[in-house]
Amino acid sequence: MTIENQILNYLKIDPEVSISELQEKTGASRQILHRILKRLLDDGYVEKIGSAPKVFYRIKKRESSAKTDTHLSNEQIEFLDEYFLLITEKGERLAGSEAMKVWCQKQKLPFEKTTDEFIITRKKYLQYIDATGLINGTDKIRNTKGFENMMLDKMYYCDFYAIERFGKTKLGTLLHFAKQGQNRKLMQEIISLTKSKIESLIKEKKVDAVGYIPPTIKRQLQFMSVLQKGYNLSLPHLSILKVSGEIPVPQKALGKINERIDNARSSIVIRENRLFNHVLLLDDAVGSGATIHETAAKLLQKGVCRKVTGLAITGSFKGFDVIQEV
């Protein structure tokens with residue numbers, strides 16, 4: 001019996017097997033086993049779960065592909081490749097038409113028709129992207145009831161966090177799983193997708209200092225710290241602190257705009273004595289905009305700068321919205 005058949009037979013008996021267990025059962029070297037498993041993975045016979053050092057292999061369940069073996073135009077395929085990303089409940093990353101097929105199967109929706117509807121919907125939101133490659137969310141902040149005066153000169157997003165019906169955008173999905181899963185690889189991908197846009201904005205607006213909105217909740221891997229290191233912007237960085245009472249209260253836990261404003265005012269501390277003309281504030285996700293707006297207010301009130309522009313990786317489309325997932 002070939003080693004490949006031995007592996008498949010063992011997987012029928014034991015649903016999850018590690019490479020060490022397969023080595024013990026077959027007597028084959030790890031190098032040979034990795035080569036055979038790669039071929040079985042590529043051919044769709046097995047799937048890998050977990051990440052090093054806890055990696056297991058199992059027989060891949062064949063999902064019905066009825067009515068999904070359809071044809072899309074090259075333009076549709078390219079659009080899905082660029083804008084549609086799905087991370088499944090098993091942690092599989094799917095992109096493009098493959099992701100759309102799986103999403104349609106789960107939602108029990110027709111593939112071609114839903115693809116057309118996604119493209120139409122996504123293009124509607126892409127119309128908000130201006131010549132800078134960013135979405136101007138200034139009016140959203142300005143029209144949010146609760147802010148006494150507009151303290152931000154401009155507010156931009158790299159993309160919306162989510163769109164109607166189809167949920168999180170590609171960037172929204174990456175951000176959600178990067179933060180929730182403390183996934184450095186996804187964080188680096190976000191940096192790659194957004195760095196050039198930020199650098200262009202800095203040049204266009206003649207920004208001479210940058211500040212990062214600090215997190216409320218302590219995590220082993222802080223997204224904003226990874227962002228700051230990855231962007232590696234050659235500008236002075238402001239000292240902005242987030243303090244809290246005995247119990248830290250994150251913005252996403254507050255459902256009223258006045259509570260979010262009070263939370264930001266009481267927790268943001270500016271430790272900066274240098275003077276600048278135009279500061280760029282960076283945040284990961286902007287829902288109500290309370291934190292970034294009140295940070296801008298404190299910078300202006302302290303006389304640290306004359307103008308503040310805000311930029312978030314993702315932002316909400318609605319007026320007052322709460323992005324609770326990140």
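The values are calculated or read from the model by the stated rules, or taken from the named source; none is laboratory data. Remember, predicted model here, so these are calculated numbers, not experimental data. Cβ: placed from backbone, ideal geometry, glycine included. Neighbour counts: every protein chain shown.
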Test: residue in the stretch 2-23 that is hydrophobic (A, V, I, L, M, F, W, C), loosely packed, with under 12 Cβ neighbours inside 10 Å and part of a helix (DSSP H, G or I): yes
Those residues of the stretch 42-63 which are surrounded by 15 or more Cβ atoms within 10 Å (Cβ to Cβ), of a type in the set (A, V, I, L, M, F, W, C) and within 23 Å of Asn183 (Cβ to Cβ), in sequence order: Phe56
Residues of the stretch 159-213 classified as of a type in the set (Phe, Trp, Tyr) and in a loop (DSSP other than H, G, I, E, B), total: 2
Residue among Val249, Val304, Val279 that alone is in a strand (DSSP E or B) and surrounded by 14 or more Cβ atoms within 10 Å (Cβ to Cβ): Val279
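Of the residues that make up the stretch 69-76, is at least one more than 27 Å from Ile163 (Cα to Cα), out of contact with any Cys (no Cβ under 7 Å at 6 or more places or on another chain) and exposed (fewer than 11 other Cβ atoms within 10 Å of the Cβ)?
Residues of the stretch 69-76 that are more than 27 Å from Ile163 (Cα to Cα), as a first pass: none.
Among the residues of the stretch 69-76, not one is more than 27 Å from Ile163 (Cα to Cα), out of contact with any Cys (no Cβ under 7 Å at 6 or more places or on another chain) and exposed (fewer than 11 other Cβ atoms within 10 Å of the Cβ), which makes the answer no.
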Test: residue in the stretch 246-257 that is under 22 Å from Glu148 (Cα atoms), among the small types (Gly, Ala, Ser) and in contact (Cβ under 8 Å) with a residue 24 or more places away in the chain: yes
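Leu174: aliphatic (A, V, I, L, M) and either assigned by TED's automatic domain parsing to the domain that holds Asp81 or within 13 Å of the chain's Cα centre (by Cα) (or both), yes or no? Show your work before the answer.
Numbers: aliphatic (A, V, I, L, M): yes; either assigned by TED's automatic domain parsing to the domain that holds Asp81 or within 13 Å of the chain's Cα centre (by Cα) (or both): yes.
Taking the combined requirement at face value, the residue satisfies it.
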Sole residue being farther than 22 Å from Gly289 by Cβ and not acidic (Asp, Glu), chosen from Asn183, Asn136: Asn183
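Residues are listed down the side, and each one gets a yes or a no for (1) within 29 Å of Glu117 (Cα to Cα); (2) touching a strand residue (DSSP E or B) at 6+ places or on another chain (Cβ under 6 Å); (3) acidic (Asp, Glu):
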{"position": "Asp139", "(1), (2), (3)": "yes, no, yes"}
{"position": "Lys145", "(1), (2), (3)": "no, no, no"}
{"position": "Leu152", "(1), (2), (3)": "no, yes, no"}
{"position": "Phe166", "(1), (2), (3)": "yes, no, no"}
{"position": "Thr169", "(1), (2), (3)": "yes, yes, no"}
{"position": "Gly172", "(1), (2), (3)": "yes, yes, no"}
One residue from Leu221, Leu241, Leu227 being aliphatic (A, V, I, L, M), under 15 Å from Gly310 (Cβ atoms) and out of contact with any Cys (no Cβ under 9 Å at 6 or more places or on another chain): Leu227
Hits in the stretch 24-46 (condition: touching a residue at least 12 places away in the same chain (Cβ under 8 Å), over 35 Å from the mean Cα position of the chain (by Cα) and in a helix (DSSP H, G or I)): Lys25, Thr26, Ile32
Residue within the stretch 149-158 that is surrounded by fewer than 17 Cβ atoms within 10 Å (Cβ to Cβ), outside any helix (DSSP H, G or I) and at positive phi present: no
Residue among Ile49, Ile7 that is touching a residue at least 12 places away in the same chain (Cβ under 8 Å) and in contact with a helix residue (DSSP H, G or I) (Cβ under 9 Å, 6 or more places away or on another chain): Ile7
Restricting the stretch 254-268 to residues that are surrounded by 14 or more Cβ atoms within 10 Å (Cβ to Cβ) and not charged (D, E, K, R), the residue that is modelled with the highest pLDDT: Ile268
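Output the residues belonging to the stretch 220-229 that are surrounded by 13 or more Cβ atoms within 10 Å (Cβ to Cβ) and not in a helix (DSSP H, G or I).
Leu221, Gln222
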Residue check for Leu94: in a loop (DSSP other than H, G, I, E, B) and either under 30 Å from Tyr125 (Cα atoms) or touching a Lys or Arg at 6+ places or on another chain (Cβ under 8 Å) (or both): no
Qualifying residue in the stretch 230-243 (condition: more than 23 Å from the chain's Cα centre (by Cα), in the same structural domain as Asp159 (by TED's automatic domain parsing), buried (at least 16 other Cβ atoms within 10 Å of the Cβ) and not aliphatic (A, V, I, L, M)): no
Residue within the stretch 126-140 that is surrounded by fewer than 21 Cβ atoms within 10 Å (Cβ to Cβ), modelled with pLDDT under 95 and in a helix (DSSP H, G or I) present: yes
